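**Student:** For reference, the structure I am asking about is given below.
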Amino acid sequence: MIELQSKQDLGRVKNAIQGYMTQKLLLPKVYLDADFGEMRVDVLAVDRTGVGDIHAVRIMPVKFEDGRPAGWQEHVTLAALTVSEHSQELLRLPGHFRYVALYCDSSDLRSFYPVEALIRKLTAEDGVGRVGILVVDFAGDEPLVRATFKPERFRSSKELVQLADKFVADHTANWEVREEQA
């Protein structure tokens with residue numbers, strides 16, 4: 001039962017992030033569970049009907065080993081540790097904009113904001129690009145996505161653009177704007 005609930009929660013998180021991207025971007029194509037290049041991307045959005053900036057999202061649950069923590073500070077601390085432990089992986093995500101999306105079955109992540117040391121770990125070595133942090137809140141009737149920490153654009157490359165072009169040509173988007181057929 002717990003495994004099914006976890007799977008459903010993850011699906012709801014992906015759907016909420018998909019909705020966030022469709023509202024944030026201009027005519028995106030959104031893909032769920034994309035094998036993009038050498039990495040698995042939980043949510044991949046390519047802006048401007050598949051020819052614009054690439055937005056890659058890695059979803060990470062905030063899980064507690066021994067029951068529920070006492071309050072929001074424990075949630076925030078564990079969220080920061082989760083992101084910090086995976087910072088190198090997040091920096092390698094293929095995309096112009098990279099995000100980590102945090103969720104747990106509590107609304108206590110709403111107060112999460114990264115400290116300076118974590119911000120440094122999420123910033124490219126040369127300073128061009130920074131991983132953004134999304135928090136998915138399950139407190140209401142529908143999951144709500146909030147950008148706790150906005151991403152900054154990473155450098156582009158010919159290889160990244162070619163990878164996106166090939167991916168868009170070879171895969172059907174989970175969500176896209178479709179033109180009317182005559």
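**Student:** Give me a comma-separated list of calculated 3J(HN,Hα) values for the stretch 156-169, in order, Karplus coefficients 6.51, -1.76, 1.60 applied at θ = phi - 60°, integers in Hz, x for any Gly or Pro.
**Tutor:** Values, residue by residue: 9, 8, 4, 5, 5, 5, 5, 4, 5, 4, 5, 4, 4, 5 Hz.
**Student:** Could I ask something else about it? Restricting the count to DSSP beta bridges whose residues both fall in the chain, what percent are antiparallel, rounded to a multiple of 5? Numbers along the way, then the final one.
**Tutor:** On the way: 19 of 31 bridges.
The antiparallel proportion sits near 60 percent.
**Student:** Here's another thing I want to ask about it. Keeping to pairs on different chains or 8 or more places apart, tell me how many lysine pairs in the chain have Cα atoms under 24 Å apart.
**Tutor:** Final tally of qualifying lysine pairs is 16.
**Student:** Hey, can you grab everything whose amide H is under 5 Å from the amide H of F36? Only 5+ residues off in sequence or another chain; H modelled, so Pro and N-termini drop out.
**Tutor:** Sorted by chain and number, the residues that satisfy this are V41.
**Student:** Now, a different point. Per-residue HN-Hα couplings for the stretch 132-139, Karplus 6.51 cos²θ - 1.76 cosθ + 1.60 at θ = phi - 60°, whole Hz, x for Gly and Pro?
**Tutor:** Result, rounded to whole Hz: x, 10, 9, 10, 9, 9, 9, 5.
**Student:** Could you give me D for the chain, from Stokes-Einstein at 25 °C and 0.890 mPa s, where the hydrodynamic radius is the Kirkwood radius over C-alpha pairs? Units µm² s⁻¹, please. Kindly include the intermediate steps, with their values, before the conclusion.
**Tutor:** Numbers: Rh = 16.9 Å.
Answer, rounded: 145 µm²/s.
**Student:** Separate question: Could you sort the peptides 13-19, 164-170 by per-residue average Cβ neighbour count (10 Å cutoff), highest mean leading?
**Tutor:** On the way: 13-19: 20.4, 164-170: 14.9.
Ranked by mean Cβ neighbours within 10 Å, highest first: 13-19, 164-170.
**Student:** Can you tell me the dipole magnitude for the chain around its Cα centre, using point charges on the Cβ only (Lys, Arg +1; Asp, Glu -1), in Debye to the nearest 20? Mind dumping the intermediate values first?
**Tutor:** Values: 23 positive and 28 negative charges, 88 e Å.
The calculated dipole for the chain is roughly 420 debye.
Every number in this text was worked out from the coordinates using simple rules, so none of it is lab data. Remember, it's a predicted structure, so these values are computed and weren't measured experimentally. Ideal geometry is used to build each Cβ from the backbone, glycine not excepted, and the neighbour counts take in all protein chains shown.
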